[in-house]
Every structure is written in C-alpha cells, then in structure tokens.
4 protein chains.
Amino acid sequence: MSNTIGRLYRVTSFGESHGRCVGVVVDGCPAGHRLDPEHLQTELDRRRPGQSGVSTTRREEDRVEVLSGVFNGVTTGAPVCMLIWNRDMDSTRYEELRWTPRPGHADYTAEKRYGGHQDYRGGGRFSGRITAGYVMAGALAKQVLAATHGIEVLGYTSQIGSTVAPDVLLDQVRENTERNPVRCPDPETAIEMERNILKARDEGDSLGGAVKCVVLNVPPGVGQPVFDTLEGDLAKALFGVPAVKAVEFGAGTALASMRGSESNDPYRIVGGRVETASNNMGGVLGGVSTGAPIELTATFKPTPSVSKPQKTVDLKTLEKTTITIEGRHDPCIVPRAVPVVESVVAMMILDHMMQRGHVRQVLGE
Amino acid sequence: MSNTIGRLYRVTSFGESHGRCVGVVVDGCPAGHRLDPEHLQTELDRRRPGQSGVSTTRREEDRVEVLSGVFNGVTTGAPVCMLIWNRDMDSTRYEELRWTPRPGHADYTAEKRYGGHQDYRGGGRFSGRITAGYVMAGALAKQVLAATHGIEVLGYTSQIGSTVAPDVLLDQVRENTERNPVRCPDPETAIEMERNILKARDEGDSLGGAVKCVVLNVPPGVGQPVFDTLEGDLAKALFGVPAVKAVEFGAGTALASMRGSESNDPYRIVGGRVETASNNMGGVLGGVSTGAPIELTATFKPTPSVSKPQKTVDLKTLEKTTITIEGRHDPCIVPRAVPVVESVVAMMILDHMMQRGHVRQVLGE
Amino acid sequence: MSNTIGRLYRVTSFGESHGRCVGVVVDGCPAGHRLDPEHLQTELDRRRPGQSGVSTTRREEDRVEVLSGVFNGVTTGAPVCMLIWNRDMDSTRYEELRWTPRPGHADYTAEKRYGGHQDYRGGGRFSGRITAGYVMAGALAKQVLAATHGIEVLGYTSQIGSTVAPDVLLDQVRENTERNPVRCPDPETAIEMERNILKARDEGDSLGGAVKCVVLNVPPGVGQPVFDTLEGDLAKALFGVPAVKAVEFGAGTALASMRGSESNDPYRIVGGRVETASNNMGGVLGGVSTGAPIELTATFKPTPSVSKPQKTVDLKTLEKTTITIEGRHDPCIVPRAVPVVESVVAMMILDHMMQRGHVRQVLGE
Amino acid sequence: MSNTIGRLYRVTSFGESHGRCVGVVVDGCPAGHRLDPEHLQTELDRRRPGQSGVSTTRREEDRVEVLSGVFNGVTTGAPVCMLIWNRDMDSTRYEELRWTPRPGHADYTAEKRYGGHQDYRGGGRFSGRITAGYVMAGALAKQVLAATHGIEVLGYTSQIGSTVAPDVLLDQVRENTERNPVRCPDPETAIEMERNILKARDEGDSLGGAVKCVVLNVPPGVGQPVFDTLEGDLAKALFGVPAVKAVEFGAGTALASMRGSESNDPYRIVGGRVETASNNMGGVLGGVSTGAPIELTATFKPTPSVSKPQKTVDLKTLEKTTITIEGRHDPCIVPRAVPVVESVVAMMILDHMMQRGHVRQVLGE
C-alpha cells in the first residue's frame, strides 16, 4: 500500500526488473489533454538503458503502450495505464547471489521487509528499472504543465564524483544538456565527468553525483502547509527514486553557514510584479511557492554494483563471505537519473497545481 | 487538507501563533499505553521559548492539556487531542508589517496562498510556535516506541553557522546535549556556538545550522517502498518544520563524491546477527531499515527575523520599501529545533513500526 | 486512524461522552468565508439533548467554541478546531455495566476492538454525543454551500416505528419540520409519531425510524467514479452516525421490484436546461450528480437503551445474566438525528463540490 | 483520483468497456500467499458475459493475466497487476447515441463530469465490465481470507423483481447458488426468477433485484470507528458497483419499524464463547464486527438498457427526442452481480482484517 503517490494526480507504480513489465496507472490526469505519444516515448528514451558507454549494456526497446484513459488521442479523465514490456532479461546470475546480499543494494532489506518472498532477480521491485514508470507518469505531467501554464522542468547533472558543474544559465541547460552522455550543461565539465565515469568503470568501481532541477513558471501561492509542503512532497517523491540520499532546496546545506541578512531573499518590483532579488530559498517559503524558479538538488549515492570484491555474509549459514558482482550495470546512474528526477518533480508540481486549482480536472473549463 | 501526516499514527495540527491555542489531534495512537504526562511536559519544555539568552524572550508557560483519548491514565485508542493555550502575545507590531512582507518569512506566500485571509499576526499558521503541537505528538510517539521496542530518538545540534560539531559518541549525546543552551553534545563546540549566536544577535543578525538525529533499535525491514520509503516519509515530515531546507541520510551529500567501493556498507556477523560494518546509508536501503541506526541531518536556514534593515515591497502600492523587524526572536532557531526534529522523526518511525506490524493497535495483544 | 473523513474538506472528530469535551478539526475549509457563529450554535442546539419529552434529560449547554482557523470572523484556510465542553455527566452507573455488555450497544465490540482500554462511560467514543462534532463541521459546510451555490440541505423524519410520513413538498419541509419535536414535516403524522415515542418510552422500550435528506442545487457532474462516488461517500459518512443500518438513494430498495422502463428517469428540456422528469435515481447516476435533487434515506435502528430487562453475559465469568438499563436516554433518536444526517451530508457534498472545483480553496478567486 | 479503494489492501481499477483492457492493480497484498490461478479464473468466469439466456450475448474469453507481484507462484508484497483484454467489441452503435443520453445510464453525468472527453463507447468507464477488475482483486482477497482465517464470503440473489427468496440455510447457499443461472439458493424461487427475467427480456424491458452477502468467521473487534466503520467501508465499495442504489446491514430498513427490545441481539454463551442469539445487526455494532456473520443486502436497480422507446433529449439541439436501445444487454444484471458483490466485500474485509492486524503484511510472520 505504498506504491501510490500524489493526492489529485495519483501515480501507482507496478512491475519488476525481471518480471513481465514495468508500468504505472495515473489516476486523476485532467480530462481533455491531447496526449503527445512521441514526447512520451522521447522522455522514456532518455532513461532507456544502453544509450552510451557510461550506461549499462542491457538492451531494451522500451516502447510505451497506453492501455487506458485515452480516447481519440485525448485523456478522458479515467485512469491512464501505461507500460513497457521487459525483454532482455538475464536472471541466471541472481540465483547465485540469492543468499549473499549485495552491499549498498536493497537485497538484505527486501529480505527482511518481505520475508523472503521478494522477487530478487535484478533487484526486482527495488530496481532502477521501476523508474521507467515514473518517467511515463512524469512525461504526461510535463505535457499538461506545459500546455496549461507554460511550466518547464529542467534537470541536469550538477555533480559526478568530485566534479561539480559551474553555475549555468538556463539557456545552456536547454541547449547543452542532451548533447552529451552525462547530461551536464557545461560542455567542458561534461567531458571531465565522462572521463571520470569511464575511469571508475574500468577500475571496477562506480561514482555518485547530483542532479539539479529547476521548475519555471510556477505561480506564487502553490503548496499546502503545514505537512503537504512543496518541499516535503517533492522530497518524498525524490526519495522514491533509488539511490537518492539527500534533497536540498535553494542554497540547501549551504544555508547552515549563512546569516539571515544574507540568506533572506529581498523583494523587489520588476515590471509591476513582485519578485525576489535572489533565490536562496529555491522558490519556496513556508512550503509555498514564491513565484521564483523552484530549485532543488538530489544527491545520488554511487551505484552499489561494483565489480571489485565486497564483503558480505551468507544469510543461510550466517558466515562471512566475499562476492563480486558481474554483469551489466551503470558505473554512474546520474546521467540516466536526470529524466527520472524531472519526472517525479513534474508529477508533484502538477499535483500541487491541481490542489491549488490552477489546473482543473477538466481542461478548458 | 494538509495539516495531517502519517498513515496509521496520524497527526493533525491546528492553532496559530497569536490565536487561542496550538494543538494536535493524534489519531491511531495504540490503545493501552500508560501516558507519562511529566515526560510530555518535559519534552514541551525543551521547545519552550525563553529558555536562555539564545532564544526569544516571549514567555509562555506552555502547560499541555490532554482533552481526549486517555482514560484512567491509559490511551484508549480514540483520538488524543492535546493543546497549549497562548497567553503572552503581542500582536501590535504586526499591523505595521501587514503589507510589507518580511524577506525569508512566509508572509508573501501566505498572502498568495490564502488570498489575504491568513492570520498574519506573528506568522500565524506559519509560525514556529506550531511545532509545539508536533512535540506533543512526538513525545507520545517516543513513549510508545521506548516502551514497546526500546527505541531511542536522539537529536542534537551538529552545526551552528560555520561551526560544525565533531563526531561524537552516543553517550556524549545522551549526557551533554541538554547541559548547554545550544544542545551540542561536544561541550567546547557548544561554547563556541553559543558565542556565535550571541554575536549574531548583537549585530542584529541571525544564524542557521543543522540538527542531526539518530534513531536506535529500529529492527530491519521497516519502510514501505517504493513511494512511502522511510527516507521519503521522514523527509516530508521534516520539511513540515519551518526553516528546514535540506534533509540528508547517512553520509548525505558527501555520497556524491564517494566511490561505490567506499560508500557501500559491507555486511558482517556480530553476535550471530547480521549488521553493517559502516553506516554511510544512514540505516536505510531501498527505503527500508537495515537495523543500523537511522541517521539523518536537517539543515535549518538562518532565522529570517533580523533587526538589520531589509529591502521589501509594499503590496498595496507595489513600491519598494525598507523594513526593520523588532521584537522577540530567536537569533538562531536550531537549539530549540532539536526536540522538534526528534518529534517528527519519532512520529514517522512509530507510524512505520505500526505499518510493519511491529507496534500493534492494541498494545499487549 | 479512522476518525477523519473527506478528501479536501477533511473532518477529524475527537472526544468522548464523559470525557472533557467533544470536538472536531476541519482541515481544508475554504479561506475567506465569514463564519456565522449564531447559525453554528443554532444547528448545535437542534441536536442538543433535553429539547423535549421525546429526548434524553441530560442537560448540556453545548456552547460551541472556535479555537482556531478564524481571524477577524473569517476563515483563514487554516484548520478550524471547534468544541463543546462536557458538563452534566453522571458516570456512576457505568461501573456496574462494565462487564455486562448492553445488547445493541457497542460495549462488546469496543471491548474486542480496543482490548479493554476503551472509555466505557456513557458509550465513550461510541456515544451519539460524538455527533455534536459532526454538526459543527456540517454547519460550517452548510454555510459555505449556501453562500457559494445556494445549496440547501433539508432533512426530516420520514418514519418513526411503523408510522411513515406521506410525500411532502419541500416548502412543507422548510416550514414545518422544526415546529414539532419529532421533526416531521407533516403535522398530523408528527402528532402520531410523538404519541408513539411517548408510548414506547412509557413501556420501557424504544423505536427506530428513518431520516430523509434532500440536497438542492448541486450542479450536474459532481462525484468521482468509480470508487469515490457521491453515493459511496455519502453512505460511508452516514454509517459513521451511530444507529444507521441502511442507506438508500432515490427510490432505494423499491427499485428492486421496478422495471427499467419504469425506473429510468427520462430526460426533458425545461427552460432551456436538461432535467429528469422523475427522480427515482435520487439525483445520482454513475456516482455523479444529475442536477436533480440528491435524495437519500437513512434507517436508524431503535435506541438500544431500553429499561426492559435484557439478556446478556458477564464477560469475566462467562455466565449468562440479565441487565436493566436505567437513566437518561432518548426513546427514539431519530428526531435529534435529523441535523446530524444533514451535517454529514453537507460535509460530503462540500467535499465533492471542492473536488470538482466548484468551490475554491480561496473563496472569491 | 478516485479509482482506488482500501487503506492497506488497496485496489486501483483501470480500463474501459471498449478500450484495450480492463484491469486492476492491488497494492498491499500480503507477501507469501500462493496464488491459485484457477480460482482466480473461476471467479472471473462467474461474472463473464454470455453464461446463459439471462445475460448479454457479448462473448469474451476473459482470460486473466497476472503481470506483476507474483514470483514463483507466490505473492511478493509488490503490486499485483491483473487484467483481461477486450476483444468482442461492437462500438458502432454508440456513435448514434453520442448526443442523446440514455435514461438510467451515466451518459449525461459522464458528459457533465468529464466535459465531453469521456469514452462513451459501451458506457466506457461507467460500464459494468469494469467490475471484472473488482472480481480479480476480490478473488485474491478471498484466497487470502480463506487461507489465513477460513473466512468465507457467500453471495446470492435474494430478489429479482418482486420475487423474493425465502430464508435459506448457508448450506443451501453453498450447494445451490451456482446451480442455476440466477444464482438463487432456493431452486423453486430460482425457476420463477429466471422466468421473470426472460419475460421482461421478451417484453423489451428489464428487472432489478437484490444480492445478499454473508461473511463467516470474521473475528469480533474488526472495524475502525468512527468514520472507517465496517458498514461504511463496505457500503462505499458496494456503491462503486454500477446499479447499486441501497445497502442494508442485518435487518436493514426493517429496523425502522422494530422496537429496541426486539431488535437488540441478546448475548449468550455457547461453547464457552460469547455470541449473539439473533443477528438483526448484521454482525456489526458501533462499526465493529461482533463475531456473528456479517450480513448485508445490496439493491440493484433494473438494467437501464431496455429496448422499449425512451424519452430523452438531444444535447446539441436541446430538443426532446426518443431513443430505442438495441444490442446485447443483460435483462437483469443481478445474477452476474453476485460474484461482484462478493468481491468488493472480500476486498474490504481483508483490508479491515489487515488494519486490525489479523492478517499480516508478510504471511507466516
């Protein structure tokens, strides 16, 4: 009872890495939206495995199928079920690892959570492949947000290992992010990041990093204090993305060492409208949007699958042992995580736009 | 419809800073718990204003009243309504600030969210005073967690401004945290932190910081993937605490620059039980507890109320102006936030312990 | 975790019959509504005990106090906490009945549900007195519905024992219902009903009956199929009223023996608008309002408290025994239930009007 | 955001009558249940169209596919997605009816609810075919209830038109119900019911009726007062079944004319256990199970599709018109509704058994 998120735009995820499919049911998508199937597929392609040398070699076509909720190309207001079928699965190796939990993966916690009944093949329900469903639901949300309010959700890789991207302009993000395999809007940094990933891969290791996401054109006054804050709901959704271990808004952890006179974003009038002169708060105050861009950063831990030998235990004999993980893995998940972060952000922003009444259940009403 | 959090241990907050009271209704508290009213009051006292020179001079007795859900000293399973009455309110100054939103506060976003109908006195519903209700609900949760599973929730100030506490042992936390006004378990650091706060106050400024929280004795297998993860639910609750802008688990943002071979926590057998040799993951993998201590850090922005002049706008004339905020404010909210962080963490841990069936709806069954 | 109802207009009930108070927190009440405190009190007075010879002699002033969510007489969008204090309690008799569950009451099920920790005085949490909270939340909902859409919620007693009220015009309901102690809009039937109640009371017995409720001016298209239907949500709320055992819409159980050609409500055009020529469906089709009046009937079982001797068991000795219930009870709860039925209906209708976007979270936007 | 029901056993429905499929995602199904796929199919076959002369002639194989949540034949605790594909669709006739809403159907309310974007073919999302998904989710729930607590859910036709079944023994229900096309446990009554249906069909008309459902072996103490009562949740789910217009528990509407001394179910001791000597309350008091069989009755209105001419309006011209509905329809839906009623009842009973902790999230723990 934990695979659904959202209050009005409700996303229910299903499927496993090595099961028949991965999908999602979106309940509450506004009626009257003309679905753009190509955009949906394009978004999914951004997340697809096997895009470049920095990602896994698992090959999946990942063609999305829309099973319900769309009639004559337009959303009806009924639940939209979307899925992709799994095809290129290799489950053989997982039997060996059945009783020796891989450090950093959810093998051990899944065992404890589900009493040994979990599908352990390829991470099963805990696999990053599940996020394909998030991307479908997020792509649909992006379309509605763009069509109704011109809202744009821009994600990019801001850090890989110890390489941090410099500050960039939004136009750089729009132009450059998709032009390099690491999805960093600064071309020089991108080259360094890619080099670092390949080096880590060659050393049988992996890297972490961070994704920054900016949401433009959210009007002020969106968010539900005190417990369903914009930050809280975005963070909750982001922690549903495997490997995310920290979420920051605006200046984030750097705010700890600032002074109030410095961190407070002063108000000013520009073009007859109120705006903030800086954005240390990341576009949110009191859990509610200020009208400034919503800015957040999600930290991803390094991919737990490394080919170096690792210490673990045998759950049956309770003796220590060592495992090496072979096979097809992303040495750094961050580049493929960019569309996933955008997607969960878009889902939650649309949900809050609907809660606030800015997006109606029937478009055009 | 946003003032309730939790699925089985459901906390509904109500009240305003300058209204009649601040309170909470806890629905789903297990039946059969002998409420310790002194502990409840003690926890509330830790959050109370006017404790020391580093906090506001507003004087409130904050005596908790339990209005329902307890019979013969024992919880009945019915909703527990608890509240404190507001007494020492000074609302005069807020009329002047009515149309000039204070930077860093929620004045402007409240205006946009509630169409001008919000109670703007003392921050109204957005005031930190609301967290007194969280502390009541959290104290009750702590009692149940301790009584049923010996679970301990330990919070402390880990950073004030640029002063960061060194690594400390849990026994230091237990012994020292409540012995100094900044709630830092390292006595020397505490002195420096206090000095920094007083200095900022004297300069008409404020400081931010961070609270670290450790939860001991949560069994492995607690948490609900994929969307109601331990991290996600804890983060959502923490972002319900005013001024929190970042939430990290385990090594947090530092994981971005680690390698997988370094960040993965290896498993080992100790005393016949599986445990992790390190805890970079903060006790959570795949959204589920590993059995290691759950460790998290919440970053607090500097108190927005500074007495230095600040730029803002007049919402009626749409012209720029300058304000200075006088009155009784905490130059750094972090020390008083420690029990608040513990409280929301305790609430969510109990909720998840109940979801996992480790705490029953009727104790002793 | 079961004392809250509604999705956007969320009502959380708390309090016990012989505890300190009975109250409610309304989360999600639209901001900008000028609360009419007199109407609130008037509604509560309709439910108050001791109104006439047909009701209990417990004397309670039941003055409502609004503790939060209203500022300068207007709702702010923050939770509205309202309560009445309990005063005229006589708990002595309940100790005797502690281990001999009263037939028809929830004594035995409360024992099983809460493991013996329930407040058993006066029915505790299961008492009809809890519905005072529903009336507060319902009165507020009625005010918003009337102010924004002219929606009227009209309840009346349609049956007491075997006496069934004839069909009446809405104007009769408006004029007559509050003029007699049984709240029946047909004056002659009212006299018979009252006589029957007094007769049953004198015989140490009690009567059941039914309340009919009509909601006018709900626009077509309100309701959320397939699971949050208007009927489903109304019924769920109605079964939250103690003693309700059946809920019917439109022609209700009589539909079982009708033919489709007879039960289908034909469409016609009146004044340029679509309407139905009959209303066997009670204003709901497919879970969604048709625009016709929403009509429902709730059946109330006879008051379980009768002074005749009743067979029960001693839960400690597991032996059979006999009890007689003395004290202050309503020989027929139906007349006092009328405002309660109206209230839960109003709550749910407002919730659905908000879900459909017809009532905004900020009025006047 | 209205296609999900249940708190811990959460069922999300999707699909349309003439879309690609009809299905369901069950989130929260306990881990460790060995799924019986044959039982699943058998249950679905009970609901399938084209079973006999009393049902529609639409021919669908309705082979259920389980897409997720089951591994090695056992539930994993992950969401269980199940669906059937639509094949024998004939959508041509619906274009003609596009602007002339059929009386008694949801055509007009769907138009108003979804702004004209609804899939209007074959009732679309409002079709009874949607209940195939309910049956899948209900069959799974039945299996878990039977395996863990021997709980049995027995539904049968208790009324068709004005023909009412006499009181029957449970063994008659078990033996006879599936032996006749109307699912009435009394063979003689069944013959009369069948005759009535065929007569109505031949006259171009349709009949209503009622389904009674009994649930055995639910322990006392299950249910969540005050708003998530057993009755309330069961009723809400039942009103999610198309054509249900009344829901009664125990003696239901007959309680209105009973006296308390008669309606109260006395307690007695049988075999050392407390039980009630009668069951007018239908096994529920105060929203909580008494341990007696849970008994309820759902009234179904006559099938709205009748071939007699009906008055309606043209929504485009706003002029009156007449329609005749041809094609494949059930002259009485009640017999096929029996497994549907059982299914939604089983779903909610399992949900409440889980809420009360009687069924664990991991079976065998």
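Just C:ALA337, C:ALA165, C:ALA256 to compare: in a GNM of chain C, with alpha carbon springs under 10 Å, which one fluctuates most? Result for chain C, Cα springs under 10 Å: C:ALA256 fluctuates most.
If the cut-off is a Cα-Cα distance under 16 Å, which lysines reach A:LYS308, setting aside same-chain residues fewer than 8 apart in sequence? Candidates past the 8-residue exclusion: A:LYS199.
The C-alpha radius of gyration of the range C:4-355, expressed as a fraction of 2.2 N^0.38 Å, stands at 1.01.
The modelled label-to-label distance for the pair A:ARG98/C:GLU326, using points 7 Å beyond Cα in the direction of Cβ, is 7.1 nm.
Taking a straight Cα-Cα cut-off under 18 Å and skipping sequence neighbours fewer than 8 places away in the same chain, the lysines within cross-link reach of D:LYS142 are D:LYS212.
For the options D:VAL25, D:VAL80, D:VAL226, a Gaussian network treatment of chain D with springs between C-alpha atoms closer than 10 Å singles out D:VAL226 as fluctuating the most. Remark: B:ASP202, D:ASP107 ranked as B:ASP202, D:ASP107, counting other beta-carbon atoms within 10 Å and listing the fewest first.
The long axis of helix D:37-47 is offset from the longest Cα principal axis of chain D by roughly 50 degrees.
Each part reduced to its alpha carbon centroid, the range B:169-234 and the range D:313-365 end up 52 Å apart.
Here C:HIS39 yields copy-to-copy label distances, from shortest upward, of 4.3, 4.6, 5.3 nm, the label point defined as 7 Å from Cα along Cα to C-beta. Of the cross-linked pairs A:LYS112/B:LYS301; A:LYS320/B:LYS236; A:LYS236/A:LYS316; C:LYS301/D:LYS301, those separated by over 28 Å at the C-alpha level are A:LYS112/B:LYS301; A:LYS320/B:LYS236; A:LYS236/A:LYS316. Distances between equivalent label points of B:LEU198 across the copies, with each point positioned 7 Å along Cα→Cβ, amount to 5.9, 8.0, 9.9 nm, shortest listed first. Cβ crowding within 10 Å ranks C:CYS21, C:CYS213 as C:CYS21, C:CYS213, fewest other Cβ atoms first.
Please give the calculated 222 nm ellipticity per residue for the protein assembly as shown, where each DSSP H segment of at least 4 residues contributes -39500 (n - 2.57) and the sum is spread over every residue; nearest 500 deg cm²/dmol? Can you show the working numbers first?
On the way: 36 runs with 404 residues, N = 1460.
Helix-only estimate at 222 nm: -8500 deg cm²/dmol.
Between D:LYS316 and A:LEU169, the modelled label-to-label distance comes to 5.2 nm, taking each label 7 Å out from Cα in the direction of the beta carbon. Peptide D:13-25 shows a mean partner chain C-beta count of 6 within 10 Å per residue C-beta. Where chain C is carried onto chain A by rotation, the Cβ closest to that axis, with its residue and distance in Å, is C:GLY357, 3. Remark: mean inter-chain Cβ contacts per residue of D:292-303 equal 4, using a 10 Å Cβ-Cβ cutoff to other protein chain atoms. Rg and Dmax over the alpha-carbon atoms of the protein assembly as shown stand at 31.1, 94 Å. Ranking of D:LEU140, C:LEU216, C:LEU145, B:LEU40 by neighbouring Cβ atoms within 10 Å, starting from the fewest: C:LEU216, B:LEU40, C:LEU145, D:LEU140. Across the identical copies, the label point of D:GLY53 (7 Å from Cα in the Cβ direction) is separated from its matches by 6.2, 7.6, 9.8 nm, in order from shortest. Springs join every pair of Cα atoms under 10 Å in this Gaussian network model of chain D, and among D:GLY15, D:GLY272, D:GLY204 the largest mean-square fluctuation is at D:GLY272. Treating r as the C-beta distance of C:ASP90 and B:ASP45 and R0 as 41 Å, the FRET efficiency rounds to 0.65. Label positions at C:ARG195 and C:THR57, each projected 7 Å from the Cα along the C-beta direction, are separated by 2.5 nm.
Coordinate-derived values only; no laboratory data. Keep in mind it's a predicted model, so treat the numbers as computed, not measured. Because the Cβ atoms are built from the backbone with ideal geometry, glycine has one as well, and the counts that use them run over all protein chains shown.
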